[in-house]
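> One structure is given below, represented as structure tokens, and several questions about it will come after.
The values are calculated or read from the model by the stated rules, or taken from the named source; none is laboratory data. Everything numeric here is computed off the predicted structure, so don't read it as measured data. When we count neighbours, we look across all protein chains shown, and the Cβ atoms used for this are built from the backbone with ideal geometry, even at glycine.
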Amino acid sequence: MRRPSTTTRRTAATASAALALALGATACGGTTGPASGGELSGQTVTVAGVWTGSEQQNFKKVLDAFTEKTGAKTVFVPSGDNVSTFVGSKIEGGNAPDVVMVPQVGVLQQFAKEGWLLPLSEQTARSAGSTLAPVWRNYGTVDGAYYGLYFKAAHKSTVWYAPEAFAQAGVNEPKSYADMLKAGRTLADSGRPAFAIAGEDGWTLTDWFENIYLSQAGPEKYDQLAQHRIKWTDESVVRALTTLGDLFKDKQLVAGGAQTALGTDFPTSVAQVFGPEPKAGMVYEGDFVGGVAKDQFGRKLGTDAKFFPFPAVDGGKAPVVSGGDAAVVLKDGKNGKAGMKLVEYLSGSEAAEVWARAGGFLSPNKEVGIAAYGDEITRGTADSLIAAGDSIRFDMSDQAPAAFGGTKGAGEWKLLQDFLRDPSDPQGTAAKLEAEAAKAYGN
Amino acid sequence: MADTMTARDRARDRARAGAARAPADGRRLARRRKRRLAVVFVLPALLLLGALVVYPVLFSFGRSLFDADGDRFVGAGNYVAIVQDPATLKAIRNSAIWVVVAPTLLTGLGLMLAVLTEKVRWATAFKLVLFLPMAVSFLAAGIIFRLAYEQDPDRGVLNAAVVGVHDSFGDAAAYPTARAREGQGLTGSAGGPYSTEGTVRPGRSVSLGLIGVAPDAVPAAAKAAAAAAPATDGIGGVVYLDFAPGGAGVPGRIDAGENGLPGMTVEAVRDGRVAASTVSADDGSFRLTGLADGDYTVRLPAANFAAPYQGVNWLGPALVTPAIIGAYLWVWTGFAMVLIGAGLAAIPRDALEAARMDGASEGQIFRKITVPLLSPVLTVVFVTLVINVMKVFDLVYIIAPGPVQEEANVLATRMWLVSFGGGNDQGLGSALSVVLLLLVVPAMVFNIRRFRRSGA
């Protein structure tokens, strides 16, 4: 998926059009507090990021804390959904922000290859080395240079369920994929289909596939596939597709059948489980499902809405697929030094705790006190994220070229949607995926 | 234009040269100055046209000969890719459908409405209402129709109407989600009918366990399941929900907390004929009576389980293009009607009067007089719409949901998606735009020819 935003993703096209307008209106972010005479007083750090709404407000709290500490003024500039275009045009216009929060690995690599980034300071690297699992550092490293500090993380291996449906059916949180399907069938017996699947949004389907693949084929194969060093026609891909197909083709497991699932977008799929007229018992997606269940349907997390980690498939390790926003410093920024300081500040647990207290945030930093998170559910996801340590893998479709892994109605999104419609031929789907991937990766 | 002018001038010059050589020199000078002045006046327009139209066209053509990054020359490679890529071929097919269907329907509709509105009293108000959608942007119209075409009848107004009409002809089944528990005596495929595996003789009773009914889908009147004792000439039994809350029950047995399913039709079948039929009571019990001795199958007919009517899948792969064309009609009908209406007003009345005097019927007048006289206007409307339809983008982009976007794509959307919407292959995109241009050119030439002829 592209943007693990907690906001609704209904009809992406129209929304983004509206967003473009809204951004025009709010393009000038607020300047925060006056300088209080710290070491950086009188300097202004400009930060660009995709965050809007409450995410933006909470991030501004972190910036305020930085201002308080150092005296530097901070300005947040919303970049809109397409960070790479935004930053490119800002650099060309001689108005580059100092720090950018980059939401995709691919974009970070692109920036580094364009030569837009400064390697992070020694201190940031040291503090990242001791607080982040190596995998997070690797995702921020390009050609041996450490450019991106992962500050915010998303946990995309959580299966959310309605506890009352589980109680009615008499099932417990499953520990394996097979158990999960069995629990799902019991749920269906009780009159509530198992899974709400948001087939209209292709990214939810890629996330399904990635979890199964990571657990079944293991992290090494996962990395190879993500970089297209093995082909999608690999036996492991066919196996994962077959496993996914077992779920897709079972009418008892997919709420309303494939046809309905293909007309269900992500917010609707959450509504099917946690809304006023529930139609399914479980919905798989990232930690942000909790936010939607809470904000839109008034569910109390931990009692009315719970999650269990995506279970292990075929005896593998339980997968943890993740994503996150990395802070990078631009070469062309006017206050690169102050920007460096900001990233140093973000690498500490203090900054993460500010946002953690505000909610809607997970930190990959293992020194962030678990008590800083506001509720039990978030503590649970944070715990599981840290516990996964080095076996975490980034969302594969986010690592792929956008033409393959991030375009509505094309590439992997489209092919997995076709697979949901007719899961009878995993082999054929794998072949089609390989054809598209070869085109997009160009190798 | 300029060329023919100068050629003519030169010819004239030559003709007069012999007669008056000396004064001709002065005149030639004056003419040359005039020509120079004309060039100066035309220059700004030429520059603008060159910069805004000619240069981009040539650039696109050049770009279409290079690969995605723009640094490797691939010759006609991108054009070959167009013909080989199934998604692009689908877009070409859709564009063809659009170009044939939309302008034809629109011109026809516009003609009909224009002729009809001429005869109604509130013509202006009527025309105004039909013209209103023209004031709605394609983006807004797209969002409106995206909602109208929604599959869920609670959200999509069209399906709400379709389902409403459908349901007024037949009642919805009581237990659409129910199914037999496998291996417990009932067999049948999903959706019913379900029959007992073995046969039953009168005087015996059977219990038929079903699952898959949500607690709130069981009628409120349902009571704890209890089997009815059979009469000597009949079969008794119970239809019940074989799923106790919390999953505590044993499959195939009536456990505490398991309710009967009232209102279920039960039949006794022998040799393919229904011998007796009844409906289960509140506790799920039923008695089939009046049966002669023999072997019967007890059957729950499919009517109990019929899935509720889902309405039409407007935005499915099959109907999405017609659905979007429908939205396009909504926007443009007013335009066609007003233009044709204007043409209609200009038709000489005496021709119509004369025909009427000669006893022509209204149908004959329409076919033999109105349409031929209107044909210049109809052609203009048709050709304008063809050009417009070629570049339709917003409606397709907004109305088609992700899963069927490929099935709905037209050349313009495909071009954009390939170049900017993730593919970032501007070489292939440029090739598509060149193809699009080549397809529009004939219509343009035709239109310009017409304008010039009518101007002359």
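> Please identify the pairs in which a residue from region B:142-170 that is within 10 Å of chain A (Cβ to nearest Cβ) has its Cβ atom under 8 Å from the Cβ atom of a residue that is among the β-branched types (Val, Ile, Thr) and not in a helix (DSSP H, G or I), counting only partners at least 6 apart or on another chain.
What qualifies is B:Ile143/A:Thr11; B:Arg146/A:Thr11.
> A further question follows. Just one of (1) farther than 22 Å from A:Gln56 by Cα; (2) surrounded by 20 or more Cβ atoms within 10 Å (Cβ to Cβ) trips up A:Leu362, so point out which.
The number of the failed condition is (1).
> Taking region A:242-271 only, how many residues are polar (S, T, N, Q) and within 11 Å of chain B (Cβ to nearest Cβ)? Before you say what the answer is, go through the steps one by one.
First pass over region A:242-271, keeping only residues polar (S, T, N, Q): A:242-243, A:252, A:259-260, A:264, A:268-269.
Filter once more, keeping what is within 11 Å of chain B (Cβ to nearest Cβ): A:252, A:259-260, A:264, A:268.
Number satisfying all stated conditions: 5.
> For A:Leu420, indicate whether it is touching a residue at least 24 places away in the same chain (Cβ under 8 Å), under 29 Å from A:Asp250 (Cα atoms), in a helix (DSSP H, G or I) and within 10 Å of chain B (Cβ to nearest Cβ).
On the way: touching a residue at least 24 places away in the same chain (Cβ under 8 Å): yes; under 29 Å from A:Asp250 (Cα atoms): yes; in a helix (DSSP H, G or I): yes; within 10 Å of chain B (Cβ to nearest Cβ): yes.
Against the criterion (touching a residue at least 24 places away in the same chain (Cβ under 8 Å), under 29 Å from A:Asp250 (Cα atoms), in a helix (DSSP H, G or I) and within 10 Å of chain B (Cβ to nearest Cβ)), A:Leu420 qualifies.
> Can you pull out the strands (runs of 3 or more DSSP E) entirely within region B:246-359 that have at least 1 residues that are more than 14 Å from chain A (Cβ to nearest Cβ) and without any contact (Cβ under 8 Å) to a residue 40 or more places away in the chain? Explain how you work it out, then say what you get.
Values: elements: B:265-270, B:273-279, B:285-288, B:297-300.
The strands (runs of 3 or more DSSP E) meeting that bar are B:265-270, B:273-279.
> Right, next: Just to be sure I understand, how many residues within region A:405-417 are assigned to a helix (DSSP H, G or I), within 8 Å of chain B (Cβ to nearest Cβ) and touching a Phe, Trp or Tyr at 6+ places or on another chain (Cβ under 8 Å)?
Start the filter on region A:405-417 by keeping residues that are assigned to a helix (DSSP H, G or I), which leaves A:405, A:411-417.
Pick out the ones that are also within 8 Å of chain B (Cβ to nearest Cβ) and you get A:411, A:413-414, A:417.
After this cut, where a residue has to be touching a Phe, Trp or Tyr at 6+ places or on another chain (Cβ under 8 Å) as well, the list is A:411, A:413.
Within region A:405-417, residues that are assigned to a helix (DSSP H, G or I), within 8 Å of chain B (Cβ to nearest Cβ) and touching a Phe, Trp or Tyr at 6+ places or on another chain (Cβ under 8 Å) number 2.
> Need the failing condition index for A:Ala178 against (1) farther than 30 Å from A:Asn95 by Cβ; (2) outside the structural domain of A:Lys334 (by TED's automatic domain parsing); (3) buried (at least 19 other Cβ atoms within 10 Å of the Cβ), just the number.
So A:Ala178 meets the others, but not (3).
> Just one of (1) within 14 Å of chain B (Cβ to nearest Cβ); (2) modelled with pLDDT of 95 or more; (3) surrounded by 20 or more Cβ atoms within 10 Å (Cβ to Cβ) trips up A:Ala431, so point out which.
Of everything listed in (1) within 14 Å of chain B (Cβ to nearest Cβ); (2) modelled with pLDDT of 95 or more; (3) surrounded by 20 or more Cβ atoms within 10 Å (Cβ to Cβ), A:Ala431 misses just condition (3).
> Just checking, does region B:374-389 include any residue being over 21 Å from B:Val115 (Cα atoms) and either in a loop (DSSP other than H, G, I, E, B) or not assigned by TED's automatic domain parsing to the domain that holds B:Pro322 (or both)?
Scanning region B:374-389 turns up no residue that is over 21 Å from B:Val115 (Cα atoms) and either in a loop (DSSP other than H, G, I, E, B) or not assigned by TED's automatic domain parsing to the domain that holds B:Pro322 (or both).
> For region A:186-208, which residues satisfy the criterion of being part of a helix (DSSP H, G or I), under 20 Å from A:Ser397 (Cβ atoms) and at the interface with chain B (Cβ under 7 Å from one of its Cβ atoms)? Before the answer, list the steps.
Initial filter on region A:186-208 (part of a helix (DSSP H, G or I)): A:186-189, A:202-208.
Still in the running and under 20 Å from A:Ser397 (Cβ atoms): A:202-208.
Of everything in region A:186-208, just one residue is part of a helix (DSSP H, G or I), under 20 Å from A:Ser397 (Cβ atoms) and at the interface with chain B (Cβ under 7 Å from one of its Cβ atoms), namely A:Gly202.
> List the residue pairs whose Cβ atoms are under 7 Å apart, where the first residue sits in region B:434-450 and is assigned to a helix (DSSP H, G or I), the second is loosely packed, with under 14 Cβ neighbours inside 10 Å, and the two are 6 or more positions apart or on different chains.
B:Leu437/B:Val57
> Take the residues of region B:197-223 that are more than 13 Å from chain A (Cβ to nearest Cβ) and among the β-branched types (Val, Ile, Thr): which is surrounded by the fewest Cβ atoms within 10 Å (Cβ to Cβ)?
Filtering first and then ranking leaves B:Thr199.
> Would you tally the residues in region B:392-424 being at the interface with chain A (Cβ under 8 Å from one of its Cβ atoms), surrounded by fewer than 24 Cβ atoms within 10 Å (Cβ to Cβ) and assigned to a loop (DSSP other than H, G, I, E, B)?
4
> Given the conditions (1) crowded, with 20+ Cβ neighbours inside 10 Å; (2) in the same structural domain as B:Val404 (by TED's automatic domain parsing), and given that B:Gly260 satisfies all but one, which numbered condition is not satisfied?
(2)
> Still on this model: When you scan region A:80-170 for helices (runs of 4 or more DSSP H) that lie fully inside it, which ones turn up with 3 or more residues that are more than 14 Å from chain B (Cβ to nearest Cβ)? Even if it seems obvious, please write down each step before you answer.
Numbers: elements: A:83-92, A:105-114, A:122-131, A:134-139, A:163-169.
Counting at least 3 such residues, we get A:83-92, A:105-114, A:122-131, A:134-139.
> Select, from B:Pro193, B:Pro202, the only residue that is at pLDDT 85 or above and in contact with a helix residue (DSSP H, G or I) (Cβ under 6 Å, 6 or more places away or on another chain). Before you say what the answer is, go through the steps one by one.
Values: B:Pro202 fails: in contact with a helix residue (DSSP H, G or I) (Cβ under 6 Å, 6 or more places away or on another chain).
So the residue among B:Pro193, B:Pro202 that is at pLDDT 85 or above and in contact with a helix residue (DSSP H, G or I) (Cβ under 6 Å, 6 or more places away or on another chain) is B:Pro193.
> Let me confirm something: among A:Ala372, A:Ala402, which residue is within 13 Å of chain B (Cβ to nearest Cβ), closer than 24 Å to A:Lys152 by Cβ and surrounded by fewer than 23 Cβ atoms within 10 Å (Cβ to Cβ)? So that I can check it myself, show each step before the final result.
Working: A:Ala372 fails: within 13 Å of chain B (Cβ to nearest Cβ).
The conditions single out A:Ala402.
> Quick one: would you say B:Ile369 is crowded, with 17+ Cβ neighbours inside 10 Å and assigned by TED's automatic domain parsing to the domain that holds B:Ala114? Write out each step before concluding.
Details: crowded, with 17+ Cβ neighbours inside 10 Å: yes; assigned by TED's automatic domain parsing to the domain that holds B:Ala114: yes.
So B:Ile369 passes the test.
> Now, a different point. Is region A:63-75 home to any residue that is closer than 29 Å to A:Ala402 by Cα, buried (at least 18 other Cβ atoms within 10 Å of the Cβ), in contact (Cβ under 8 Å) with a residue 40 or more places away in the chain and in contact with a strand residue (DSSP E or B) (Cβ under 6 Å, 6 or more places away or on another chain)? So that I can check it myself, show each step before the final result.
First, pick out the residues of region A:63-75 that are closer than 29 Å to A:Ala402 by Cα: none.
Among the residues of region A:63-75, not one is closer than 29 Å to A:Ala402 by Cα, buried (at least 18 other Cβ atoms within 10 Å of the Cβ), in contact (Cβ under 8 Å) with a residue 40 or more places away in the chain and in contact with a strand residue (DSSP E or B) (Cβ under 6 Å, 6 or more places away or on another chain), which makes the answer no.
> Can you list the strands (runs of 3 or more DSSP E) lying wholly within region A:280-396 that have 3 or more residues being touching a residue at least 60 places away in the same chain (Cβ under 8 Å) and more than 29 Å from A:Asp265 (Cα to Cα)? Can you show your working first?
Details: elements: A:282-285, A:306-309, A:321-330.
Qualifying strands (runs of 3 or more DSSP E): A:321-330.
> When A:Thr242 is evaluated against the numbered criteria (1) over 22 Å from the mean Cα position of the chain (by Cα); (2) without any contact (Cβ under 8 Å) to a residue 60 or more places away in the chain, which criterion, by number, is the only one it fails?
(2)
> What are the residue pairs meeting all of these: first residue in region A:429-443, first residue within 13 Å of A:Ala403 (Cα to Cα), second residue of a type in the set (A, V, I, L, M) and assigned to a helix (DSSP H, G or I), Cβ atoms under 7 Å, and 6 or more apart or on different chains?
What qualifies is A:Leu433/A:Leu415; A:Glu436/A:Leu415; A:Ala440/A:Ala403.
> Could I ask something else about it? Would you be able to tell me the number of residues in region B:67-88 that are closer than 30 Å to B:Thr384 by Cα, exposed (fewer than 13 other Cβ atoms within 10 Å of the Cβ) and aliphatic (A, V, I, L, M)?
Counting residues in region B:67-88 that are closer than 30 Å to B:Thr384 by Cα, exposed (fewer than 13 other Cβ atoms within 10 Å of the Cβ) and aliphatic (A, V, I, L, M) gives 1.
> Could you check A:Gln252 against (1) assigned to a helix (DSSP H, G or I); (2) more than 25 Å from B:Gln405 (Cα to Cα); (3) at pLDDT below 90; (4) not charged (D, E, K, R) and say which number it fails?
(1)
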